[in-house]
Amino acid sequence: MSSPHKHLSWLTLRRSLFRFRRAADRMRSPRRIVASAIAVIFLCVYVLNGFLILASRRTADPESLRLWLSGGMVLYLIYHAVRCVWTEKQVDMEYTDAEKLWLGGAPLKRSTVAAYKVNTVFFSALLKTFFLVVALAPDVQHAGLLATGVFAALVLLETVRMIWQRLVSGLSRRHLVGARVALSVIAFAAILQFFGQLAAITPSGSQPGVYVLNSFRAIGGVASSDAIQWLAIGWRPAALLATTVEITSHTAVQMLASVMLVPFAIFTLVRVDGWAAAAILDREKARLRSGDFHGPSTDQAGRAGELTEDRLADRIESILPQRMRDSVALVWRQALSIRRYYGTILFSFLVPTLLCLSPLLTGRMGNQWAFVIAGIALCTMLLAPPALRLDFRRDLKRMLLLRSLPLRPIQAVLGQLTLPILITVTFQWTTLGIAASVCGPGWPQLIGWGGMLSALAVFTFATENALFLAYPHHEHAQGFAMVVRANVMFLGKATLIAAAVGALLVWVSICQSLFSAPLSVPVYVTGAVAATWTLAVGAMMVTAWCWRRFDISADLPPE
């Protein structure tokens with residue numbers, strides 16, 4: 001083994017051992033003992049549920065499962081591809097700060113760097129494979145082949161994702177616009193096919209709950225379509241291996257094909273990386289030959305735009321109360337980021353809006369409103385936080401700068417969370433307005449649910465950021481902690497939604513029993529909105545407390 005490869009292997013091993021020891025120390029830390037206990041309980045409950053409950057359910061058809069495994073990978077890849085072309089910066093093949101320190105000057109080939117980058121997703125792929133094997137074990141005959149096929153498919157998916165991101169980074173502006181149009185059309189066609197499948201398998205006039213249950217079958221129908229299966233040709237060997245009923249001579253061929261596609265994808269990643277680097281260099285040379293020695297923001301138009309923005313920020317600051325003026329700089333910084341990523345944000349909220357409004361197409365006026373409300377609440381808690389990471393979660397490397405600002409903790413929190421919350425509230429009220437114009441629920445329903453959903457948006461972002469400040473992680477972190485964190489957060493949000501629904505039902509019963517019919521509705525609406533906003537304000541105060549106790553020397557995780 002050559003010296004650079006030897007040192008890279010040594011660095012990878014030492015980093016893995018360090019992260020393992022650090023994870024063990026953090027799990028035993030008194031500051032994180034609650035999160036550690038929740039993670040351990042979740043894993044035990046998940047495994048117990050898999051062996052006791054999932055084992056007793058009706059098994060799936062192997063052919064349908066095979067189509068799900070292969071087509072599902074492509075559906076995720078389509079989503080990621082569309083999101084990628086609407087994102088300005090791609091970072092998968094770039095070094096982190098720690099890697100720049102240790103590897104920046106090393107004589108490493110790009111093929112070695114590509115293999116090293118793919119190697120970083122192995123452990124998270126192993127964890128995801130474990131969870132999928134527990135869930136799908138009753139549906140297959142050979143758990144070992146299932147684990148091998150799923151692991152190979154996940155690693156191939158992550159490698160293809162890196163290939164696409166690197167390919168997009170090398171596209172010119174004209175080709176990037178073409179890619180955006182083409183992939184947006186593909187995504188729109190997949191959405192139309194989903195709704196077509198849903199309408200075909202659901203009788204007209206069914207309850208919205210039937211549509212929700214059949215939506216999973218509709219997704220399976222899209223994943224099983226001929227177009228998706230042709231795109232999933234790279235994952236078909238792994239899907240066949242995972243759903244093997246009887247071991248034959250073809251099983252060895254399927255296993256070999258599943259495993260060998262990964263190094264082939266790494267080779268493709270190296271070639272695409274070389275092409276992208278050359279394309280970026282050629283564009284830079286062309287720009288310099290044209291005499292453009294300055295960035296676009298340094299010309300006269302750019303300076304005039306920056307001056308206008310500064311004046312607008314000063315005007316906004318002048319009309320705000322004195323206590324709020326110190327947060328304007330952070331809010332304005334968030335606004336500039338939102339302007340840069342507006343395409344990604346609009347796309348991230350377009351699909352949830354369509355999904356929330358889909359119950360209006362069922363033709364039943366009785367409970368459409370309730371399902372629209374439920375859809376908005378789910379999107380607020382599950383989809384809005386990942387789509388709007390324009391708060392503390394993207395500023396881990398800027399914590400020293402943020403702490404140096406002369407701001408009180410609550411001012412810093414308001415500056416970081418105001419615009420993400422406003423965007424989410426705009427999504428909520430837009431969807432509510434459209435649904436209300438169709439269902440006609442009345443002003444008490446619109447005001448009550450609108451107020452509670454707005455408080456839910458505040459509570460969600462405050463809780464997400466409080467958890468991040470208590471247990472910070474890097475933006476593109478992978479590994480055991482992130483997989484468990486995602487599952488625990490999902491379980492916690494589901495529990496919170498169930499508890500909120502139960503509390504509202506209890507409050508309705510109390511109001512109906514204590515007050516007369518004309519008075520019970522305003523009391524119910526006022527009490528529910530006041531209670532939710534009390535929780536939201538409490539969550540904001542907890543976030544401010546977490547920001548005040550954030551220790552830069554101890555809480556910043558190494559890369």
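The values are calculated or read from the model by the stated rules, or taken from the named source; none is laboratory data. On a predicted model such as this, the values are computed, not experimentally measured, just so you know. Neighbour counts run over all protein chains shown; Cβ positions are idealised from the backbone, glycine included. When the accessible area is computed, the model is the full protein with side chains, heavy atoms only, and any ligands, DNA or RNA have been set aside. Shrake-Rupley method; radii C 1.70, N 1.55, O 1.52, S 1.80 Å.
Considering only region 331-343, I want to know if a residue exists there that is among the β-branched types (Val, Ile, Thr), assigned to a helix (DSSP H, G or I) and either modelled with pLDDT of 80 or more or open to solvent by less than 50 Å² (accessible area, probe 1.4 Å) (or both).
Our first condition is that a residue be among the β-branched types (Val, Ile, Thr); within region 331-343, this holds for 331, 338.
Imposing the further condition that a residue be assigned to a helix (DSSP H, G or I) reduces the set to 331, 338.
So of that shortlist, the ones also either modelled with pLDDT of 80 or more or open to solvent by less than 50 Å² (accessible area, probe 1.4 Å) (or both) come out as 331, 338.
Yes, the conditions are met somewhere in region 331-343.
Would you confirm whether any residue within region 198-216 is under 23 Å from residue 237 (Cβ atoms) and modelled with pLDDT under 85? It would help to see each step written out before you state the result.
Our first condition is that a residue be under 23 Å from residue 237 (Cβ atoms); within region 198-216, this holds for none.
No: zero hits.
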Test for residue 246: is it in a helix (DSSP H, G or I) and of a type in the set (Asp, Glu): no
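Condition check: at pLDDT 70 or above, over 24 Å from residue 156 (Cβ atoms) and open to solvent by less than 30 Å² (accessible area, probe 1.4 Å). Does residue 36 satisfy that?
Working: at pLDDT 70 or above: yes; over 24 Å from residue 156 (Cβ atoms): yes; open to solvent by less than 30 Å² (accessible area, probe 1.4 Å): yes.
Yes, satisfied.
Conditions (1) open to solvent by less than 40 Å² (accessible area, probe 1.4 Å); (2) closer than 22 Å to residue 377 by Cα; (3) assigned to a helix (DSSP H, G or I), marked per residue:
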residue: 507; (1), (2), (3): no, yes, yes
residue: 511; (1), (2), (3): yes, no, yes
residue: 520; (1), (2), (3): yes, no, yes
residue: 528; (1), (2), (3): yes, yes, yes
residue: 536; (1), (2), (3): yes, yes, yes
residue: 539; (1), (2), (3): yes, yes, yes
residue: 545; (1), (2), (3): no, no, yes
For region 410-444, which positions are over 22 Å from residue 336 (Cα atoms), in contact (Cβ under 8 Å) with a residue 12 or more places away in the chain and not small (Gly, Ala, Ser)? 428, 429, 430, 431, 432, 434, 438, 439, 441, 444
Counted residues, region 53-87 - those being at pLDDT below 80 and under 17 Å from the mean Cα position of the chain (by Cα): 2
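Out of 144, 196, I need the residue that is farther than 20 Å from residue 79 by Cα, more than 21 Å from the chain's Cα centre (by Cα) and without any contact (Cβ under 8 Å) to a residue 24 or more places away in the chain. Which one?
On the way: 196 fails: farther than 20 Å from residue 79 by Cα.
One residue alone meets the criteria, 144.
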Residue pairs within 6 Å by beta carbon, gap of at least six or interchain, first lying in region 483-508 and under 27 Å from residue 472 (Cα atoms), second at pLDDT below 75 and β-branched (Val, Ile, Thr), listed first then second, are 488/38
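If I ask for residues that are open to solvent by 50 Å² or more (accessible area, probe 1.4 Å) and without any contact (Cβ under 8 Å) to a residue 40 or more places away in the chain, which ones from region 202-226 would you list?
Taking region 202-226 and keeping what is open to solvent by 50 Å² or more (accessible area, probe 1.4 Å), we get 203-204, 207, 210, 212-213, 216-217, 219, 226.
Result: 203, 210, 213, 216, 217, 226.
Is it true that some residue in region 162-175 is part of a helix (DSSP H, G or I) and under 25 Å from residue 256 (Cβ atoms)? Lay out the reasoning, then the answer.
Start the filter on region 162-175 by keeping residues that are part of a helix (DSSP H, G or I), which leaves 162-169, 173-175.
Going one step further and asking which of them are under 25 Å from residue 256 (Cβ atoms), we end up with 162-163.
Within region 162-175, one or more residues are part of a helix (DSSP H, G or I) and under 25 Å from residue 256 (Cβ atoms).
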For region 227-240 the number of residues that are without any contact (Cβ under 8 Å) to a residue 40 or more places away in the chain and either touching a Pro at 6+ places or on another chain (Cβ under 7 Å) or outside any helix (DSSP H, G or I) (or both) is 1
